[in-house]
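Participant: The following block contains the structure, expressed as structure tokens.
Every number in this text was worked out from the coordinates using simple rules, so none of it is lab data. Quantities reported herein were computed from a predicted structural model and do not represent experimental measurements. Glycine also receives a Cβ, built like all others from the backbone with ideal geometry; neighbour counts cover every protein chain displayed.
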Amino acid sequence: MISNLAFVHPGARLGKDVTVEPFAYIANNVEIGDGTWIGPNSTVLYGARIGKNCKIFPSAVVSGIPQDLKFKGEESTAEIGDNSTLREGVTVNRGTAAVGMTIVGHDCLLMAYAHVGHDCEIGNYCIIGNNCGLAGEVKVHDWAILSGGTLVHQFARIGAHVMIGGGSRVRTDVPPYIKADREPLAYMGLNSVGLTRRGFEKETIDEIHNIYRVLYQSGLNNSQALEKIEKDFKPSKERDYIIEFIRQSERGVIRAR
């Protein structure tokens, strides 16, 4: 159902059973998947790609022009995966020539007034809390939770299954599976509750915990700690992901409190 009080550009492509409420605006070169709800007073701009069964709440803006002075009007997109929800006032900017697209994965919840900057990549099943701000080219891996008011520096990475405390400032990378809080942001232990809820076996959680004991409590520097982890722990998906994440870090990773 498309309200006759909404504007939908003839060049926009809408799937089956899409609802567009009064005073919504949908621009040219927009694609919206089946069953998605576009709320009143929401704005979907050029280059938006919205999946199936999404919910775009009032005053949200999808695919706004990047807040980046090097943007010169190049073709780019902002892509929202299936079953994701953008609450009131959320802004997701489209990409620049640096990457070309901003991505929010499937089954994500972006709470009220969260901002996702140009060329960010948010994984699946993520929760971005009220008033969070993600600068350009931030990467957030699957199942991460950023509590309300979290601010993330440009180019920072946040690993999978991370829980970040409210009001945090993320200046460096946050390795996977952990909790982070305090100022400056610090390692606060394993996100064991989140891992248990998502079906991780106790033995796997214990192994991850032991890996982080080497990284944060052994007195070794990161390079030495990673060598010890490779030597002392058998290869596994979790071990290898932690090692790869830290070795690929360009900004460095957070320290223990």
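Participant: Once you've got the GNM for the chain with C-alpha springs shorter than 10 Å, pick whichever of Asp173, Asp82, Asp17 has the biggest mean-square fluctuation.
Facilitator: Asp17
Participant: I've got another one for you. Straight-line reach from Lys72: which aspartates and glutamates have Cα under 19 Å away, leaving out those fewer than 8 places along the same chain?
Facilitator: Reachable aspartates and glutamates: Asp119, Glu137.
Participant: A further question follows. Relative contact order for the range 7-140 using alpha-carbon pairs under 8 Å, separation at least 6, rounded to a whole percent? Show your work: numbers first, answer last.
Facilitator: Details: 448 pairs, mean separation 21.4, N = 134.
Answer for the range 7-140 is 16 percent.
Participant: On to the next question. What is the range 106-194 by shape, rounded, prolate or oblate, if you read a ≥ b ≥ c off the alpha carbon gyration tensor as root eigenvalues and call it rounded for a/c under 1.5, prolate for a/b larger than b/c, and oblate otherwise?
Facilitator: It is rounded, given that a/c, with a ≥ b ≥ c, falls under 1.5.
Participant: Still on this structure: If you average the C-alpha positions of the range 1-75 and of the range 165-228 separately, how far apart do those two centres end up, in angstrom?
Facilitator: Distance between centres, Cα-based: 38 Å.
Participant: Which shape class, rounded, prolate or oblate, goes with the range 7-140 when its Cα gyration tensor gives a ≥ b ≥ c as root eigenvalues, a/c under 1.5 marks rounded, and past that a/b bigger than b/c marks prolate?
Facilitator: Oblate, because a/c is 1.5 or more while a/b does not exceed b/c.
Participant: Among bridges DSSP assigns within the chain, what percent are antiparallel (round to 5)?
Facilitator: Working: 3 of 58 bridges.
So the antiparallel bridges amount to about 5 percent of the total.
Participant: Just one of [x] 1.09; [y] 0.96; [z] 1.18 is Cα Rg over 2.2 N^0.38 Å calculated from these coordinates, so which is it?
Facilitator: [x]
Participant: Give the residues of the range 48-80 whose amide nitrogen is closer than 14 Å to a point set 7 Å from the Cα of Asp17 in the direction of its Cβ.
Facilitator: Counting only backbone N, you get 52-55.
Participant: Which of the lysines could a cross-linker bridge to Lys237, judged by Cα under 22 Å and excluding same-chain residues fewer than eight apart?
Facilitator: Answer for Lys237, where 22 Å is the Cα cut-off: Lys139, Lys179, Lys202, Lys228, listed by chain and number.
Participant: Which one of Gly194, Gly167, Gly15 has the biggest mean-square fluctuation once the chain is modelled by GNM with Cα springs under 10 Å?
Facilitator: Gly15
Participant: Let me ask something else. Counting pairs of alpha carbon atoms under 8 Å apart in space and at least six apart in sequence, what relative contact order in percent does the range 195-256 give?
Facilitator: Details: 22 pairs, mean separation 15.8, N = 62.
Rounded, it is 25 percent for the range 195-256.
Participant: Need the list of aspartates and glutamates near Lys52 for cross-linking: C-alpha distance under 17 angstrom, and skip anything on the same chain fewer than eight residues off.
Facilitator: Asp17, Glu21, Glu31, Asp34, Glu79, Asp82, Asp107
Participant: Let me ask another. In the range 132-214, what GluC sites (Glu not before Pro) fall in a loop by DSSP, with at most 13 other Cβ atoms inside 10 Å?
Facilitator: Those that pass, being in a loop and sparsely packed, are Glu201.
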